[in-house]
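Peer 1: What follows is a structure written as structure tokens; I'll ask about it next.
The values are calculated or read from the model by the stated rules, or taken from the named source; none is laboratory data. Quick caveat, the model's predicted, so the values are computed rather than measured. Glycine gets a Cβ as well: all are built from the backbone with ideal geometry, and neighbour counts include every protein chain shown.
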Amino acid sequence: MRYKIYLTGKARKKLDSLNQKSRRMILDTLSFLRDYGFSQRLDIKKLKGFKNHYRLRVGKYRILFELEKPDKIIIYAILPRKKAYKK
């Protein structure tokens, strides 16, 4: 299944602020997610306490997203690991 991926303004701003290597790694991973979906090759886990919210691990970053429709993914945060798991 091919997904449509959307980034919120906050996620786009964070992506643009990353160094070229990290940005390329994240964009490549998002392209793979778009084309192949929830593959075992990707480290995706469902977030506890939320309906249809997931995290995708890409190196030292965590991408938080919501599966809104069967084919629509909204990325709402790209965070370093430390910030992603703070309560």
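Peer 1: Could you tell me which residue of segment 23-41 is farthest from Tyr6 (Cα to Cα), considering only residues that are touching a helix residue (DSSP H, G or I) at 6+ places or on another chain (Cβ under 8 Å) and modelled with pLDDT under 95?
Peer 2: My answer is Arg41.
Peer 1: Related question: Sort out which residues of segment 28-48 are under 12 Å from the mean Cα position of the chain (by Cα), assigned to a helix (DSSP H, G or I) and surrounded by 13 or more Cβ atoms within 10 Å (Cβ to Cβ), and write them in order of number.
Peer 2: Thr29, Leu30, Phe32, Leu33, Arg34
Peer 1: Restricting attention to segment 43-66, report how many residues are of a type in the set (A, V, I, L, M, F, W, C) and modelled with pLDDT under 95.
Peer 2: Matching residues across segment 43-66 total 2.
Peer 1: Any residue in segment 1-14 that is modelled with pLDDT under 95 and among the hydrophobic types (A, V, I, L, M, F, W, C)?
Peer 2: yes
Peer 1: Next question, about the same structure. Could you list all residues from segment 49-59 that are touching a strand residue (DSSP E or B) at 6+ places or on another chain (Cβ under 6 Å) and either exposed (fewer than 12 other Cβ atoms within 10 Å of the Cβ) or among the aliphatic types (A, V, I, L, M) (or both)? Walk me through how you get there before you give the answer.
Peer 2: Going residue by residue through segment 49-59, those that are touching a strand residue (DSSP E or B) at 6+ places or on another chain (Cβ under 6 Å) are 52-57.
Within segment 49-59, just Leu56 meets the criteria.
Peer 1: OK, next. Take segment 1-23 and flag every residue that is basic (Lys, Arg), surrounded by 11 or more Cβ atoms within 10 Å (Cβ to Cβ) and part of a helix (DSSP H, G or I). Break it down into steps so the answer makes sense when it comes.
Peer 2: First, pick out the residues of segment 1-23 that are basic (Lys, Arg): 2, 4, 10, 12-14, 21, 23.
After this cut, where a residue has to be surrounded by 11 or more Cβ atoms within 10 Å (Cβ to Cβ) as well, the list is 4, 10, 12-14, 23.
Those that are basic (Lys, Arg), surrounded by 11 or more Cβ atoms within 10 Å (Cβ to Cβ) and part of a helix (DSSP H, G or I): Lys10, Arg12, Lys13, Lys14, Arg23.
Peer 1: Every residue in segment 49-87 that is in a loop (DSSP other than H, G, I, E, B) and in contact (Cβ under 8 Å) with a residue 60 or more places away in the chain, please. Don't jump to the end; show me each part of the working.
Peer 2: Residues of segment 49-87 in a loop (DSSP other than H, G, I, E, B): 49-52, 59-60, 70-71, 85-87.
Residues satisfying the conditions are Pro70, Asp71.
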